[in-house]
Amino acid sequence: MNDEQLLRYSRHILLDEIGIEGQQRLVNAKALIVGAGGLGSPAALYLAAAGVGRITLADGDQVDLTNLQRQILHTQERIGQPKALSGKMALAHINPEVRVEAINSRLAGDALAALVADADVVLDCCDNFATRHAVNRQCVRQRTPLVSGAAIRFAGQLAVFDSRRAGAPCYSCLFPEADDVEEERCAVMGVFAPLTGIIGAMQAAEALKLIAGAGEVVLGRLWLLDGLSMDWRSVNFGQDPQCPVCASGDVK
Ligand SMILES: [Zn+2]
């Protein structure tokens with residue numbers, strides 16, 4: 001790190017749990033953020049501000065007036081622009097040191113596989129089960145840690161998965177893929193604006209801890225937030241021995 005970086009990140013470096021070594025790991029790291037919406041906005045802002053050296057921000061949508069209530073990466077002036085590009089612009093204003101790659105499409109297939117393979121950590125900030133399961137499959141296959149978040153109405157949830165650890169559960173162990181799962185979308189269900197901020201910021205916190213090697217990342221626990229009472233509760237879960245994604249030796 002140069003002198004300016006040492007200054008910029010000094011409040012991290014002062015933390016014993018991060019220090020120069022942990023901050024250097026952040027500067028050297030690459031994060032993939034899937035979704036530049038309500039969760040992806042605070043997650044991306046914190047990762048960039050904290051100095052994660054390379055960030056790939058993927059989203060296939062354009063900025064819409066109805067996004068601005070919670071998606072704090074975007075601005076009134078950028079309505080109609082691709083969210084990934086709008087997000088890249090916002091991050092550059094906070095920290096020009098960070099190299100941001102904007103992917104203006106919904107990730108799937110080989111493109112997703114290549115990006116997951118290249119990432120040190122993946123943040124699932126998307127809004128649909130098909131992408132969540134596709135991201136999970138690639139994270140299991142590539143053994144890339146996955147920080148998953150969700151927010152709808154006043155309900156938030158967070159879980160971290162790390163397939164580098166033997167016997168670790170995956171997203172599919174917790175939420176098996178099924179054809180009849182009804183998709184709950186913010187577009188129709190509504191979502192409390194700061195709830196996405198709380199969960200997205202927690203995703204950033206867990207991702208930064210994973211990269212820097214600070215503290216403890218709790219695996220096998222789903223955190224649930226009731227935003228109306230501000231009550232947190234957690235549910236422990238283990239690997240599903242029948243999980244088609246992580247339990248068989250042959251990942252689909
Ligand atoms: Zn699994």
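The values are calculated or read from the model by the stated rules, or taken from the named source; none is laboratory data. This structure is a prediction, so every number in the text was calculated from the model and none was measured. Neighbour counts run over all protein chains shown; Cβ positions are idealised from the backbone, glycine included.
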**Q.** Candidates 215, 238, 200, filtered to the one that is modelled with pLDDT of 95 or more and more than 16 Å from the ligand (Cβ to nearest atom)
**A.** 200
Q) When you scan the range 103-217 for helices (runs of 4 or more DSSP H) that lie fully inside it, which ones turn up with 2 or more residues that are within 27 Å of residue 12 (Cβ to Cβ)? A) 109-118, 193-212
Q. Which one of 85, 57, 45, 73 is in a loop (DSSP other than H, G, I, E, B), at pLDDT 95 or above and within 20 Å of the chain's Cα centre (by Cα)?
A. 73
Q: Working carefully through the options 190, 167, find the one that is within 15 Å of the ligand (Cβ to nearest atom) and exposed (fewer than 13 other Cβ atoms within 10 Å of the Cβ).
A: 167
Q: Kindly indicate whether residue 131 is within 16 Å of the ligand (Cβ to nearest atom) and polar (S, T, N, Q).
A: no
